[in-house]
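Written out below as structure tokens is the structure these notes cover.
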């Protein structure tokens, strides 16, 4: 969360992440919300424009469209760089920080990744906003809390097989 205070008007403006969304919230001197607006702003790579939402609830922004192939099936093995965030902005994992790409079969990860990475082309960069039902569910999996919407910046580097 980030916040600013207008000393003359007495308003507090904050950017708050929750429910898989980002909100610009303005509170008046009385502490009540004066106005709020959803903003397409998430931790990690900046996004512009509208997201694509699949029937499953997975949302994504294409940051860069690659010109390589798309994985031929959900059994394909791919190599990616990624950074994962909770909606409060907390970074919980990153292959970039580890200095090594992550290689995995598409059908061996959470459903949101199978769906979101499986439709990318090599060279693409995409921000995935994955509802808990397509991630770690109602129970979570430490360090992922229960019912957590997850945000990932993913770059598809290669299709291995």
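Need the full-extension length gain, residue 160 to residue 133, defined as separation in residues times 0.36 nm minus the C-alpha distance. One decimal, nm.
Working: separation 27, 0.36 × 27 = 9.72 nm, distance 2.80 nm.
Computed gain between residue 160 and residue 133 is 6.9 nm.
Could you list log10 I(q)/I(0) for the chain at q = 0.09, 0.13 Å⁻¹, which the Debye formula gives when each Cα is one point scatterer?
Evaluating at q = 0.09, 0.13 Å⁻¹ gives log10 I(q)/I(0) of -0.34, -0.64.
Listed highest first by mean packing, meaning other Cβ atoms within 10 Å per residue, what order do 118-129, 25-36 come in? The partial results should precede the final answer.
On the way: 118-129: 20.4, 25-36: 11.9.
Going by the mean number of other Cβ atoms within 10 Å, highest first, we get 118-129, 25-36.
If you project the alpha carbons of the stretch 88-161 onto their three principal axes, what span does each projection cover, largest first, in Å?
32, 24, 18
Readers should treat all values here as calculations from the given coordinates under stated rules, not as data from a laboratory. All values derive from a computational prediction rather than experimental measurement. Counting neighbours? That spans all protein chains shown, and the Cβs are built from the backbone with ideal geometry, glycine included.
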